[in-house]
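Step one of this worksheet: look at the structure below.
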Amino acid sequence: MILTEEEKREAVEKSREILKRHDSSKGSLIPVLQEVQSVLGYVPPDAMQEVAGHFNIPSVDVYGVVTFYNQFRLTPPGKNQVKICMGTACHMRGAGIIMESWERVLGIKVGETTLDREFSLERVACVGCCTLAPVAVVNEAVHGKMTPTKVDGMLFSHRLANPKEKEEKPGE
Amino acid sequence: MAGKIKITIDGKEIEASPGEKILWAALDNGIYIPHLCAGRDHHPPSASCRLCFVEIEGYPQPVTSCTQEVTGGMVISTRSERLDRIVGTGFEMIMTNHLTDCKACPKNRSCELQKIARERKFRLKPPRLPRLDRELPVDDSADGIKHDPNKCVLCGHCIRACREKGAGVLGFARRGFERVVTTFNGAPLGESGCNSCTACTLVCPVGALTLKV
């Protein structure tokens, strides 16, 4: 994921603001990272470096914490957030195959965001409608009984409904 | 020598310093106990490889010898059916995702895994469990150092060495099966600020971090 200069500057500024309110004891590390994520929506590398400097620990240790916990994202959330249910029922009904389909059609891995920032892909635990398994949630809308063909169809209809992308293409 | 205490390991009476861990007392007296993650100067020991189990008389459960301090008159055994099963299973699980390509590996014949297998008569190929290959890319971007994460056993020696002697760029990231030794943001070693001190290659017990040939 390539971040713009403005995003990098914002990451540094916001994390400095947050760090001002915290001491440098080890126990503050996760609360700080959580605050960074709630302000920016993700934890960018520049913010991790600021945080590492504040706590006087190697930046790779902050990276280790951020990648350890599922709650932290490394990439900015996309305009459309796709969440794949990996709960027990969905798992048994092939959620792994659905996840692979999304990864294939979007060209990203779980936890990442497409380069055009249109889609981000996440795994979630049960969303509470196991009878519809396997389930995908796209921007709060629940899509049940998912199949790889349905994934292709959803993306196709999204691209039809959003011709903006097409306008951009000739200019590329 | 003053302050030495006597303990018995596998029927052999040896002397140890108070506060010393069983593992080092045994190794210093020629008694081999398998170990990957332990280091003499690690406080506290990470005790994560689960290979250095011993049984102590009067203790209900086997204990990790890298964390247990010696006390006077302790009677320890390093081999039993139960220990061989525990250590064997631990070793087998490590071997399920260790790329076993000994013939082409620069660590062939000096590999700690081969040593453990030889000492305990374990097989290098896990006999009961399926292999789980991680198929991670090999990183040879740094001068003089090659990092093959598929061979890594996550002992953490390289991370400590990197912090003590090198640029301090190595660390653990991710969790569970996906846990890896990596650099900030997963950057290739060559772009991570690594100063090619090669301290990591000297401490790696397997062929994960090796000198480039």
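What follows draws every value from the coordinates through simple rules; no lab data is involved. Just so we're clear, the structure is a prediction, and the values are computed from it rather than from any experiment. Because the Cβ atoms are built from the backbone with ideal geometry, glycine has one as well, and the counts that use them run over all protein chains shown.
Worth pointing out:
- Two-site label geometry, A:GLU7 and B:GLU119: point separation in nm, points 7 Å out along Cα→Cβ: 5.0 nm
- Extension gain, B:THR8-B:MET93: 0.36 nm per intervening residue step, less the Cα-Cα distance, totals 27.6 nm.
- Restricting segment A:29-129 to trypsin sites (Lys or Arg not before Pro) that sit in a DSSP loop and have at most 16 other Cβ atoms within 10 Å of their own Cβ leaves A:LYS79, A:LYS109, A:ARG117.
- Between 0 and 90°, nearest 10: helix A:5-20 axis offset from chain A longest Cα axis: 50 degrees
- Where both bridge residues fall in chain A, DSSP classifies roughly 55% of the beta bridges as antiparallel.
- Equivalent ellipsoid, segment A:5-68 (semi-axes from 5 times Cα gyration tensor eigenvalues, Å): 16, 13, 11
- DSSP beta bridges in the protein assembly as shown [antiparallel fraction, %, rounded to 5]: 75 percent
- Cβ-based exposure ranking for A:LYS145, B:LYS115, in which fewest neighbours within 10 Å come first: A:LYS145, B:LYS115
- Environment charge of A:GLU122, counting only residues whose C-beta is closer than 9 Å and scoring Lys/Arg +1, Asp/Glu -1: +3
- Helix A:95-106 and the longest principal axis of the C-alpha atoms of chain A enclose an angle of approximately 80°.
- Computed label-point distance, nm, for sites B:ARG79 and A:ASP116 using a 7 Å Cα→Cβ extension: 6.7 nm
- Net +/- balance of residues flanking A:VAL62 in space, Cβ distance below 13 Å, scoring K and R +1, D and E -1: -2
- Going by neighbour counts of Cβ atoms within 10 Å, the residues A:VAL142, A:VAL60, B:VAL180 line up, fewest first, as A:VAL142, B:VAL180, A:VAL60.
- Efficiency of FRET between B:SER141 and A:ARG104 - r from beta-carbon atoms, R0 25 angstrom, step 0.05: 0.30
- Local electrostatic count at B:ALA16 - Lys and Arg +1, Asp and Glu -1, tallied over other residues with Cβ under 13 Å: -1
- Value of [θ]222 nm, deg cm²/dmol, for chain B, DSSP H segments ≥ 4, -39500 (n - 2.57) each, nearest 500: -6000 deg cm²/dmol
- Taken along the Cα-to-beta-carbon direction at a fixed 7 Å, the label points for B:TYR59 and A:ALA125 span 3.5 nm.
- At q = 0.20, 0.23 Å⁻¹, base-10 log of I(q)/I(0) for segment A:50-172 (Debye sum, equal scatterers on each alpha carbon): -1.08, -1.31
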